[in-house]
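Structure first, then comments.
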Amino acid sequence: MIIAMQPGASEKQIDNVIERLVIRGFEVHRSTGEQQTVLGAVGAKIDFDIREIELLEAVQQVHRISAPYKLVGRTFRPDGTVVKFANGVSIGGNEVIVMAGPCSVESREQLFSCAEQVAQAGAKFLRGGAFKPRSSPYSFQGLGVEGLKLLREAGDRYGLLVVTEVMEIGQIEVMLPYVDLFQLGARNMQNFNLLRELGKIRKPVLLKRGIAATIEELLLSAEYVLAGGNYDVILCERGIRTFETYTRNTMDISAIPIVKKLSHLPMTADPSHGTGRRDKVAPMARAALAAGCDALLIEVHPDPDQALSDGPQSLYPAQFSKLMQELRMIAPAVGRSI
Ligand code: PEP
Ligand code: MN
């Protein structure tokens, strides 16, 4: 941490800051220039709140240098994390993995038809919500355990792994036999009790960025899971809320290279929720791949016009196949395979 004192700060004021830093466990290095004094403080606790120093008399500026997380930081694993799954699939390596399927599991026919088509197009994961976080309590809430069973059966039939959302602690145990990757949704990104519980299991977690969460907050949420001992966490950009209303959310493509620089964890992009519009999904998926994502999460529905949730942002299967072909052309240009 660097503390710049105001020009003309008195010795008493400077000593007061040094004293506070020492009490808080810092080692302090002082450099006195002609204009002002700058203090370098090292060795603090990771959760130190810099406002404690900012508010002291004659302090001009405080700058934090170390990250507030340790396990998710890139320095912890400079080569990056590769999360391994069954079927030889891994996320975080050279190959970009596509996860596709409907927003919600609605019926056997819907899911199996979708699974067959996304598998044929090259997806490696089948997505689909069995427990759905809906903005309205009157909207379709998902098929629950029945949906989980259908996901597993369809996944196994078409050679796909299964990713689906967990909404509360009580569902974890029930989901374990059916799920390869636990999705933690945007609305639950800061559900700290749920994050802690997911730290105790030994199955990978797909952690989505909250609707109004900063990148640092996303990383701190991931830190909860790693701190519990589960290092298989994959992050996901799914759009954030801004003043723009044309799209459902604003797809923050820049979060991809930023997260890849700050953290060793693999990064996924979800252009479906990121834009909320079918016609914008492919361009954002292509951009996310070019920006360095390790996986893509895409909503596909065999009959989007009849979908019980997120129909307008779900691709028709033919659109998904076309997108996969485009992604196969882009991947080698950025040193990736798909
Ligand atoms: C979903 O993937 O269907 C979903 C609900 O996503 P999010 O949590 O990003 O809104
Ligand atoms: Mn959805």
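The values are calculated or read from the model by the stated rules, or taken from the named source; none is laboratory data. The structure displayed is predicted, hence computed values, not measured ones. Ideal geometry is used to build each Cβ from the backbone, glycine not excepted, and the neighbour counts take in all protein chains shown. Note: areas computed on protein heavy atoms with side chains; ligands, DNA, RNA excluded. Shrake-Rupley method; radii C 1.70, N 1.55, O 1.52, S 1.80 Å.
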query: In segment 297-338, what residues are part of a strand (DSSP E or B) and either among the polar types (S, T, N, Q) or open to solvent by 10 Å² or more (accessible area, probe 1.4 Å) (or both)?
result: Ser337
- prompt: What number goes with the only condition from (1) touching a helix residue (DSSP H, G or I) at 6+ places or on another chain (Cβ under 8 Å); (2) surrounded by fewer than 24 Cβ atoms within 10 Å (Cβ to Cβ) that Cys293 does not pass?
  reply: (2)
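Scan segment 40-74 residue by residue and report those that are part of a loop (DSSP other than H, G, I, E, B) and in contact with a Lys or Arg (Cβ under 7 Å, 6 or more places away or on another chain). Even if it seems obvious, please write down each step before you answer.
Keep residues of segment 40-74 that are part of a loop (DSSP other than H, G, I, E, B), which gives 43-50, 55-58, 64-72.
Scanning segment 40-74 gives Ala44, Ile46, Phe48, Ile50, Leu56.
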- request: Select from segment 61-76 the residues that are out of contact with any strand residue (DSSP E or B) (no Cβ under 8 Å at 6 or more places or on another chain), farther than 16 Å from Ile3 by Cα and of a type in the set (D, E, K, R) and list them in ascending order.
  value: Lys70
task: With respect to Ala227, determine if the residue is touching a residue at least 60 places away in the same chain (Cβ under 8 Å), in the same structural domain as Phe320 (by TED's automatic domain parsing) and within 24 Å of Val162 (Cβ to Cβ).
output: no
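Mind listing just one residue for me: the one in segment 264-292 that is part of a loop (DSSP other than H, G, I, E, B) and in contact with a Cys (Cβ under 9 Å, 6 or more places away or on another chain) and, of those, nearest to Ile91 (Cα to Cα)?
Pass one, segment 264-292, residues part of a loop (DSSP other than H, G, I, E, B): 264-266, 270, 276-277, 291-292.
With in contact with a Cys (Cβ under 9 Å, 6 or more places away or on another chain) added as a condition, the list becomes 266, 270.
Numbers: Pro266: 7, Asp270: 15 Å.
Looking at the filtered set, the residue picked out is Pro266.
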query: Taking Arg209 and the conditions (1) open to solvent by 10 Å² or more (accessible area, probe 1.4 Å); (2) over 11 Å from the mean Cα position of the chain (by Cα); (3) within 12 Å of ligand 1 (Cβ to nearest atom), which numbered condition does it fall short on, given that it satisfies the others?
result: (2)
field: Hits in segment 291-316 - residues which are out of contact with any strand residue (DSSP E or B) (no Cβ under 6 Å at 6 or more places or on another chain), more than 16 Å from ligand 2 (Cβ to nearest atom) and either of a type in the set (A, V, I, L, M, F, W, C) or touching a residue at least 60 places away in the same chain (Cβ under 8 Å) (or both)
entry: Ala291
statement: In segment 5-63, anything modelled with pLDDT of 95 or more, among the acidic types (Asp, Glu) and more than 28 Å from Glu216 (Cβ to Cβ) is listed as Glu11, Asp15, Glu19, Glu57
